[in-house]
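Here's the structure, in structure tokens; my notes come after.
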Amino acid sequence: MRILFVNPPVGFGYYSMGLSRPPLGLAYMAALLPEHHVEIIDFNIEKKNWKRFPFAGFDIVGVSADTARYSTSIKIARLAKAAGATVVMGGPHVSFFDEDALLGGAADYIIRNEGEYSFRSLVRYLSHEIPIEKVGGLSYVANGAVVRTPNEAFITDLDSLPFPARELLPLRSYKERIDGRPMTTIITSRGCPFNCNFCSSSQFSGVRWRPRSVDSLLEEIDLVYNKYDYKAINFIDDNFTLNPDRAAKISERMIAGGYDLYWEAMSHVETVVKNPAWSR
């Protein structure tokens, strides 16, 4: 099958300040589909007009949909569907509010929460390999009503996932930097136990913190450092320092490996001030 993943344009926020980051979620899903022809289009970066994009060349079009971009995501989905593609939407907004996109006819399917295994199973269903009931975390319309299969379990062994398919992205078109160095992103864990009422992360990714092994992370660091020549990394976990000993071990391994790296990460104040080794 020919599959296209779409990162819709934002037009404000970080992007309006010239900052941009590759859509690693889409690249992770692409990496799980090596037997198919997969492309990723990031309309925040590539000089292409989504209103005139040739969606007709694809069997499946997957569209990201967070709240800030929802209205544009819907318009893109309608264009792709009008071009004859099967349209799948995913992301925080449609995970929590799936009815509008489905009953309004913009999307054929919605993948809720983490998308890697659900999307791969959906492709298998569309390839007539498995029944639709085997696709977890799926919402669709049958007989005029929204049907939801049971949620796909959160991925506990993140090391089992292949690294994101960065080769499908125009990496050097992303302009974010750390102290002048071109920066790229890596995800080292998923989930957040704090469940803050202003953040959707704990609902979307779960309250169980799921870290990758330090060995797996260092392998990916080595890849972006040597293959893609990045000397600056942003670890975009919700809370990189939730386990302070792990954060320290990662730092020590980067130093021992001789990497000339600048890096930054998000933290939670309690993981710093309540750690005796860091709060002196």
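None of the figures in this text is laboratory data; all of them are computed from the coordinates on show. Because the structure is predicted, anything quoted here is derived from the model rather than measured. Because the Cβ atoms are built from the backbone with ideal geometry, glycine has one as well, and the counts that use them run over all protein chains shown.
Per-structure values
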| quantity | calculated |
| --- | --- |
| Of the chymotrypsin sites (Phe, Trp or Tyr not before Pro) in the stretch 146-227, those whose Cβ has at most 10 other Cβ within 10 Å and which sit in DSSP loop | F198 |
| Residues S213, S121, S71 arranged by fewest to most Cβ contacts within 10 Å | S71, S213, S121 |
| Which of H93, H268, H37 has the fewest Cβ neighbours within 10 Å, and the rest in rising order | H37, H268, H93 |
| Net charge of Cβ neighbours under 12 Å - reference G91; Lys, Arg +1; Asp, Glu -1 | -1 |
| The stretch 2-148 - percent relative contact order, Cα under 8 Å, separation 6 or more | 21 |
| Spatial separation of Cα centroids for the stretch 57-109 and the stretch 140-161, in angstrom | 16 |
| Reachable lysines from K47, criterion Cα separation under 27 angstrom, eight or more residues apart if same chain | K75, K81, K175, K227, K231 |
| Proximal charge balance of G105 [Cβ under 11 Å; K/R count +1, D/E count -1] | 0 |
| Ranked Y228, Y259, Y109, criterion: other C-beta atoms within 10 Å, fewest first | Y228, Y259, Y109 |
| Percentage relative contact order, the chain, counting C-alpha pairs under 8 Å, at least six apart | 15 |
